[in-house]
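Everything below concerns the one structure shown next.
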Amino acid sequence: MAHRKPNSAWFALGIGAIVALGLQPWWHQPALADAVGAELIILTLHVQNQRDALPSEYKRKLDKKGQYVLTPGIEVYYDNRLDEPLWNAREIRTTVGLLEDSAVHLFAYIAVMGRWMLYEGDPWDISLTFGPGFIVRESWRDVPGYDPDNPLEESDTFLPGYEYRFLVLGEIDLLYRFDRDLQGVWSIFPGFPYVIMHSLGLRWSL
């Protein structure tokens, strides 16, 4: 297993959080959060023929091909309701996630996204979040069979020992309302064309 550099990962997340908070004055309503959420990241599905390394190197794989892998982690977020919809988005979500990926390396992300309601019912809702984000993971160059031909970048000066990328991120949430203020959430994080992550958690309205 590679030597961990958690200080760099937490530094990247901290800088991302500061940037996200600094963006709030540009929103229609930079006041207190409308809702907060926390989810456990559970499962990663590798899209066929888009693996970064040999499936034998995936430590928590659930099948021989390494298509399904347990990737434990956590995601937390807060939603700010806008005074007026922005491109039909009712809220702005700031989200941060940290997990261990398929090769048991640290993987983290932060994003500031619009939130759209695709379906509203009782008790089910479906929402879409979409917007700019930053991902960073401990370098896979120590993983046998790793093919670095992917969109991630690596630098000797910025977060050495980690691969990173600024890109567009998004999630699809299936929500079940337990009561007025509490919803259960199943989230799908489509990291095309490479992975699709799944997580389960709760969302509280404030």
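Where a number appears in this text, it was derived from the coordinates with a stated rule and is not lab data. Worth saying up front: this structure is predicted, and the values here are computed from it rather than measured. Quick reminder, even Gly has a Cβ in these numbers, built from the backbone with ideal geometry, and neighbours come from all protein chains shown.
Observations
- Efficiency of FRET between residue 158 and residue 82 - r from beta-carbon atoms, R0 41 angstrom, step 0.05: 0.80
- Sparse-neighbourhood loop sites, trypsin sites (Lys or Arg not before Pro) in region 137-177 - DSSP loop, at most 14 other Cβ within 10 angstrom: 141
- Convex hull volume of the C-alpha atoms in region 119-206, normalised per residue: 127 Å³.
- Estimated D of region 6-205 in µm² per second, where Rh is the Kirkwood radius over Cα pairs and Stokes-Einstein applies at 37 °C, 0.692 mPa s: 186
- When you count the other C-beta atoms within 10 angstrom of each residue and take the mean per peptide, 182-190, 143-151 line up highest first as 182-190, 143-151.
- Cα extents for region 156-206 along the principal axes, largest to smallest and rounded to whole angstrom: 50, 25, 16.
- Taking N as the residue count of region 113-170, its C-alpha radius of gyration divided by 2.2 N^0.38 Å amounts to 1.68.
- Once C-alpha pairs closer than 8 Å and six or more residues apart are averaged by separation and normalised to the residue number of region 6-205, the relative contact order reads 22 percent.
- Near residue 159, no amide H atom lies under 5 Å from its own; only residues 5 or more places off or on other chains count, and H is placed 1.01 Å from N.
- For residue 169, the residues whose modelled amide H falls within less than 5 Å of its own, excluding neighbours fewer than 5 places apart on the same chain, are 131, 133.
- In this structure the amide hydrogen of residue 191, modeled in the peptide plane, comes within under 5 Å of the amide hydrogens of 196, 197, none closer than 5 places in sequence on its chain.
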